[in-house]
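The values are calculated or read from the model by the stated rules, or taken from the named source; none is laboratory data. From a predicted model like this one, the values you see are computed outputs, not experimental measurements. Glycine also receives a Cβ, built like all others from the backbone with ideal geometry; neighbour counts cover every protein chain displayed. Only protein heavy atoms, including side chains, enter the accessible area calculation; ligands, DNA and RNA are left aside. Shrake-Rupley method; radii C 1.70, N 1.55, O 1.52, S 1.80 Å.
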Amino acid sequence: MRVALAQGDPGKALSLLDSYSRSYPRGQLELEAEVLWIDALARPDRAMWPSSGRNVLKRQPKSALAARVRGYL
């Protein structure tokens with residue numbers, strides 16, 4: 001997922017994240033996967049991430065990933 005984002009392929013990252021979410025709906029990396037989802041959606045050609053970001057911050061405002069999400073918002 002991170003590799004796909006680093007290579008500039010957010011579509012592939014979203015596909016991998018979707019697969020992960022279906023396979024592990026309550027996995028240990030659930031929050032990380034959600035923030036990676038926001039990373040992919042925050043790319044210039046995508047604009048559907050703000051509500052996802054707000055949801056993450058509402059649920060996990062003090063997580064290690066919260067600062068990254070706030071940077072997008």
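Test Leu29 against the stated conditions and say whether it is within 13 Å of the chain's Cα centre (by Cα), modelled with pLDDT of 90 or more and open to solvent by 80 Å² or more (accessible area, probe 1.4 Å).
Spelling it out, Leu29 is indeed within 13 Å of the chain's Cα centre (by Cα), modelled with pLDDT of 90 or more and open to solvent by 80 Å² or more (accessible area, probe 1.4 Å).
Within segment 1-14, track down each residue that is open to solvent by 70 Å² or more (accessible area, probe 1.4 Å) and either in contact (Cβ under 8 Å) with a residue 12 or more places away in the chain or part of a helix (DSSP H, G or I) (or both).
Across segment 1-14, the qualifying residues are Met1, Arg2, Val3, Ala6, Lys12.
Looking at this structure, is Ser19 of a type in the set (Ser, Thr, Tyr) and part of a helix (DSSP H, G or I)?
yes
Where the second residue is part of a loop (DSSP other than H, G, I, E, B) and surrounded by 13 or more Cβ atoms within 10 Å (Cβ to Cβ) and the first is modelled with pLDDT under 90 and lies in segment 44-73, which pairs have Cβ atoms under 7 Å and are six or more apart or on separate chains?
Going by the 7 Å Cβ cut-off, the qualifying pairs are Trp49/Ala42; Tyr72/Ala42; Tyr72/Trp49.
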